[in-house]
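What follows is one structure encoded as structure tokens, with my remarks underneath.
The values are calculated or read from the model by the stated rules, or taken from the named source; none is laboratory data. For clarity, every value in this text was computed on a predicted model and none was experimentally measured. Positions of Cβ are generated from backbone atoms using ideal geometry, with glycine treated the same way; all protein chains shown enter the neighbour counts. The area values use the complete protein model at the heavy-atom level, side chains included, leaving out ligands, DNA and RNA. Shrake-Rupley method; radii C 1.70, N 1.55, O 1.52, S 1.80 Å.
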Amino acid sequence: MNAPPPDLLNALADLLGPKGFTRDPVDMAPWLEDWRGRWRGAAAAMVSPATREEVAETVRLCAAARAPLVPQGGNTSMVGGATPDASGDAIILSLRRMRTIRDLDREASLAVCEAGVILSDLHDAAAASGRRFPLSLAAKGSATIGGLVSTNAGGTQVLRWGTMRGLVQGIEAVLPDGSLYDGLTPLKKDNRGYDLAQLLIGAEGTLGVVTAASLRLAPAIGSRVVAWVGLGSAGDALRLLRHLQAAVGDGVESFELIPASALELVLTHIAGTRAPLTTALPWHVLVEIVAPVAAPSPDKYVHAALHSALEIGIAQDAAIAASEAQAEDFWRLRESISEAEKKDGPAAKHDISVAVPDMPAFMEEAAAKVEAHYPGTRVNAFGHLGDGNVHFNVRAPIGATAAWVEAEGAAVSALVHDLVTAAGGSISAEHGIGQMKRDELARLGGAARIGALQAVKRAMDPHNIMNPGKLVPGI
Ligand code: 2HG
Ligand code: ZN
């Protein structure tokens, strides 16, 4: 990899002007470290183009000089995917100035968003036109559309709507040679060979820079019921999900599993929170059930379904939010888990999936093995049970410092990843690979998968200028 030569930096400064080019260490500092504070890098410059044409010219100039680029949106990657390495050779390519919603077509139920549009701004714009964008996650106030596309983001509505892959209709992107791929097609059917949009989704910026995406919207919600349910086991949680789906159909929008340990962390570290139930129970779920505008409220069905769940013993206690404010309070408990866990101390974090029916037993068995192997550690596994995906985070022994993750983290993660691989699962269900899991992907991904990833990367980015060191092992 080459350090950017002075004439490249001058050309970029001329092209982008003072708003679009900086080498000021103070301006760049917040973008050199990841959200979790785990990776810290350095950069020769940060460029912030305002248009796709400026992105294309930037990439063309960098490709000619073989200068590495690290695309970055809201900088909320969980795997160090948007943090440059420590060499200082890379140029950060921020998409944050490209924040126009170019079109929001209510009839077609499509929104065309530039890469820097913040997720919560899209939520607001869609709501203002009687639609919604059905993907949400805790970082919605800073995560950008480009980053969400590039990581194939998940979140708390995958159960019903799938990941970003299912919500993207088309992509506009600048490829590693600086050419502009305009795939913002409104076509429902388009069979012209390889699906470039799907190739770029989840590519973590290693195959090009997503500059815009057209996204599928869903009908607005007319009414919702948000409930907090206490349970005796994770197995009961899955039984409750099936019970609710049988009773209310596909209106089950979210179903999030929360162990007592995670609730405890939130109540301890997040101001103004309180427990929704008075009974102490080992497991909880937050469930949201919705109905479209013209349909009757699911209220009655949900009450009846929860009542029968309590009667047959798959639920132990339940509270239904009595107001929108209380519903938001319940959601705040769930969405604060990451932050509370971070405030509490170091943890080796994992984002794993196994087949949905296997997850309750996997969680129990894997937690017992990890805690026995690493005395004092405490597993905090929470999240998207209905997708077969939990964040199987292993908290350090009480009193341990951040050095614990450096010393023990890799071995703990290897054990968790070995267990999940033996169970036929994935070491990255929704957060991606980034720099955090590249070695583990190399170790466990299998020769066919790794060979294909490398072949695609070499073909599309022969000079390895796009987000080098991320995702693809061995390149
Ligand atoms: C969530 O589901 C996020 O809250 C973050 O994916 C998970 O912090 C984590 O491990
Ligand atoms: Zn998650």
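Checking Asp85 against (1) surrounded by fewer than 24 Cβ atoms within 10 Å (Cβ to Cβ); (2) within 16 Å of ligand 2 (Cβ to nearest atom), which single condition isn't satisfied?
The single condition Asp85 does not satisfy is (2).
Among the residues of the range 450-475, write down those that are open to solvent by 50 Å² or more (accessible area, probe 1.4 Å) and either under 22 Å from the mean Cα position of the chain (by Cα) or closer than 23 Å to Ala411 by Cβ (or both).
Once the filter is applied, which keeps residues that are open to solvent by 50 Å² or more (accessible area, probe 1.4 Å) and either under 22 Å from the mean Cα position of the chain (by Cα) or closer than 23 Å to Ala411 by Cβ (or both), the range 450-475 yields Leu453, Gly474.
Counting just the residues of the range 164-183 that are part of a loop (DSSP other than H, G, I, E, B) and open to solvent by less than 40 Å² (accessible area, probe 1.4 Å), which one comes out farthest from Met466 (Cα to Cα)?
Ranking the qualifying residues of the range 164-183, first place goes to Gly178.
Taking the criterion of being assigned to a helix (DSSP H, G or I) and over 19 Å from Pro176 (Cα atoms), would at least one residue in the range 32-42 satisfy it?
No: zero hits.
What do you reckon, is Ala410 hydrophobic (A, V, I, L, M, F, W, C), closer than 18 Å to Lys349 by Cα and either in contact (Cβ under 8 Å) with a residue 24 or more places away in the chain or not in a helix (DSSP H, G or I) (or both)?
Answer is no for this residue.
Out of the strands (runs of 3 or more DSSP E) lying entirely within the range 54-156, which hold 1 or more residues that are touching an Asp or Glu at 6+ places or on another chain (Cβ under 7 Å)?
So the answer is 101-105, 110-114.
Scanning for something under 27 Å from Asn467 (Cα atoms), within 16 Å of ligand 2 (Cβ to nearest atom) and open to solvent by 30 Å² or more (accessible area, probe 1.4 Å), does the range 113-122 turn up at least one residue?
no
All but one of (1) in contact with a Leu (Cβ under 7 Å, 6 or more places away or on another chain); (2) under 21 Å from Glu253 (Cβ atoms); (3) more than 16 Å from ligand 2 (Cβ to nearest atom); (4) charged (D, E, K, R) hold for Lys140; state the number of the condition that does not hold.
(3)
Would you pick out the residues in the range 377-404 that are assigned to a helix (DSSP H, G or I) and closer than 16 Å to Pro282 by Cα?
Across the range 377-404, the qualifying residue is only Leu385.
Sort out which residues of the range 379-401 are away from ligand 2 (no atom under 14 Å from the Cβ) and either within 22 Å of the chain's Cα centre (by Cα) or open to solvent by 70 Å² or more (accessible area, probe 1.4 Å) (or both), and write them in order of number.
Selection gives Val379, Val394, Arg395, Ile398, Gly399, Thr401.
Could you please give the count of residues in the range 426-449 that are open to solvent by 20 Å² or more (accessible area, probe 1.4 Å), over 24 Å from Ala86 (Cα atoms), in a loop (DSSP other than H, G, I, E, B) and more than 16 Å from ligand 1 (Cβ to nearest atom)?
Total satisfying the criteria: 1.
State whether the residues of the range 136-157 include one that is without any contact (Cβ under 8 Å) to a residue 60 or more places away in the chain, closer than 19 Å to Pro71 by Cα and away from ligand 1 (no atom under 16 Å from the Cβ).
Looking for residues that are without any contact (Cβ under 8 Å) to a residue 60 or more places away in the chain, closer than 19 Å to Pro71 by Cα and away from ligand 1 (no atom under 16 Å from the Cβ), one finds none in the range 136-157, hence no.
Here is a check on your reading of the model: is Val412 crowded, with 20+ Cβ neighbours inside 10 Å, more than 16 Å from ligand 2 (Cβ to nearest atom) and closer than 21 Å to Thr377 by Cα?
Judged against the criteria, Val412 is a match.
The rows are residues; the columns are (1) of a type in the set (Val, Ile, Thr); (2) open to solvent by less than 30 Å² (accessible area, probe 1.4 Å).
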{"site": "Ala197", "(1), (2)": "no, yes"}
{"site": "Val210", "(1), (2)": "yes, yes"}
{"site": "Ala213", "(1), (2)": "no, yes"}
{"site": "Ala227", "(1), (2)": "no, yes"}
{"site": "Asp236", "(1), (2)": "no, yes"}
{"site": "His243", "(1), (2)": "no, no"}
{"site": "Ala247", "(1), (2)": "no, no"}
{"site": "Gly251", "(1), (2)": "no, yes"}
{"site": "Glu264", "(1), (2)": "no, no"}
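Looking only at the range 258-314, count every residue that is of a type outside the set (Ser, Thr, Tyr), part of a loop (DSSP other than H, G, I, E, B) and modelled with pLDDT of 95 or more and tell me the total.
Matching residues across the range 258-314 total 12.
Scanning the range 362-390 for residues that are polar (S, T, N, Q) and in contact (Cβ under 8 Å) with a residue 40 or more places away in the chain, which turns out nearest to Ala153 (Cα to Cα)?
Asn389
Starting from the range 41-67, keep only residues that are at pLDDT below 95, then list their pairs with residues that are outside any helix (DSSP H, G or I) whose Cβ atoms are within a distance under 7 Å, requiring at least 6 positions of separation or different chains.
none
Among the numbered criteria (1) touching a Lys or Arg at 6+ places or on another chain (Cβ under 7 Å); (2) more than 16 Å from ligand 2 (Cβ to nearest atom), which single criterion is violated by Ala347?
Result: Ala347 fails condition (2) only.
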